[in-house]
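These notes are about the structure you will find just below.
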Amino acid sequence: KAGVTQTPRYLIKTRGQQVTLSCSPISGHRSVSWYQQTPGQGLQFLFEYFSETQRNKGNFPGRFSGRQFSNSRSEMNVSTLELGDSALYLCASSSDTASSYNSPLHFGNGTRLTVT
Amino acid sequence: GESVGLHLPTLSVQEGDNSIINCAYSNSASDYFIWYKQESGKGPQFIIDIRSNMDKRQGQRVTVLLNKTVKHLSLQIAATQPGDSAVYFCAENTGGFKTIFGAGTRLFVKA
């Protein structure tokens, strides 16, 4: 099976702009999670989706949003970019079901976002 | 608050020696624990997991130990190799459709 695919791999944006990142999960996986990784804060949970429904959300401002499509592909959007949004954004999928959340995450290689 | 902390930020071992990476978790309700390995330029990769009804699980060259009494998790790597050099994260599931990651430990393997 193909792994988790994230596009684009690198992005450079300026403050105030918005950005959309894309994630294609492993075939058959319906749970998709997003994380922000920075040297100072480590891996911070953004949100988790299952069957187009957000089941949990991390402590990020409303500028960070996401969605999941019927084919389980997911996107996240960051509006009004700030310098502090520069980070590696990681997407992960799992084989979890509607009622369970006890399977390992399978990560993509991330999108490196730089805000100038 | 929510956190999964690691005792040491870096660990340096000689090739062929065993490595032990430790982790403390804070949520006693967590029921599923996972170790991930992250190499430069890549996303974290699943290594091994353990559920709260177990205290030890073995894989190929890796063993995870869980001590629920003191909320402690450890990853043991046998016969450490240069390819094991990476950052290792422990993570926990608290049942709320969220996986919480620790700060990470960087493992250096000296040839």
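Order these by the 10 Å Cβ neighbour count, fewest first: A:F60, B:F101.
Least to most surrounded, the residues fall as A:F60, B:F101.
For the range A:18-116, state which GluC sites (Glu not before Pro) are in a DSSP loop and have at most 16 other beta carbons lying within 10 Å of their beta carbon.
Hits after loop and neighbour filter: A:E52, A:E82.
For a quick check of your reading of the filter: which chymotrypsin sites (Phe, Trp or Tyr not before Pro) in the range A:44-116 sit in a DSSP loop and have no more than 13 other Cβ atoms within 10 Å?
A:F69
Once you've got the GNM for chain B with C-alpha springs shorter than 10 Å, pick whichever of B:F89, B:F97, B:F46 has the biggest mean-square fluctuation.
Comparing B:F89, B:F97, B:F46 in a Gaussian network model of chain B, the most mobile one is B:F97.
Of B:T63, A:T7, how do they rank once you tally other Cβ atoms within 10 Å and put the fewest first?
A:T7, B:T63
So what's the Cα pair-distance distribution over the protein assembly as shown, bin width 5 Å, in %?
Taking every Cα pair in the protein assembly as shown, the percentages come to 1, 7, 15, 18, 19, 17, 12, 7, 3, 1, 0.
Of A:S93, A:S33, A:S79, which is the most mobile in a GNM of chain A whose springs link Cα atoms less than 10 angstrom apart?
Evaluated over chain A, the most mobile residue of the options is A:S79.
Only counting other Cβ atoms within 10 Å, I'd like B:E15, B:E92 sorted with the fewest neighbours first.
Lowest to highest Cβ neighbour count: B:E15, B:E92.
Quick one: putting +1 on the C-beta of Lys and Arg, -1 on the C-beta of Asp and Glu, what dipole do you get for chain A around its Cα centre, in Debye to the nearest 20?
160 debye
If you take the Cα atoms of chain B, find Rg, then find the Kirkwood Rh from the mean of 1/r over all pairs, what is Rg/Rh?
Taking Rh as the inverse mean 1/r over Cα pairs, Rg/Rh reads 0.95.
Which entries of B:K37/B:K71; B:K56/B:K110; A:K13/A:K57; A:K13/B:K110; B:K37/B:K68; A:K57/B:K68 show an alpha-carbon separation above 30 angstrom in the structure shown?
Over 30 Å apart, Cα to Cα: A:K13/B:K110.
For peptide B:89-96, compute the average count of partner chain beta-carbon atoms within 10 Å of each residue's beta-carbon.
3
No value in this document is a laboratory result; all are computed from the given coordinates. These figures come from a predicted structure and were not determined experimentally. FYI the Cβ positions are ideal-geometry reconstructions off the backbone, even for glycines, and counts take in every protein chain you see.
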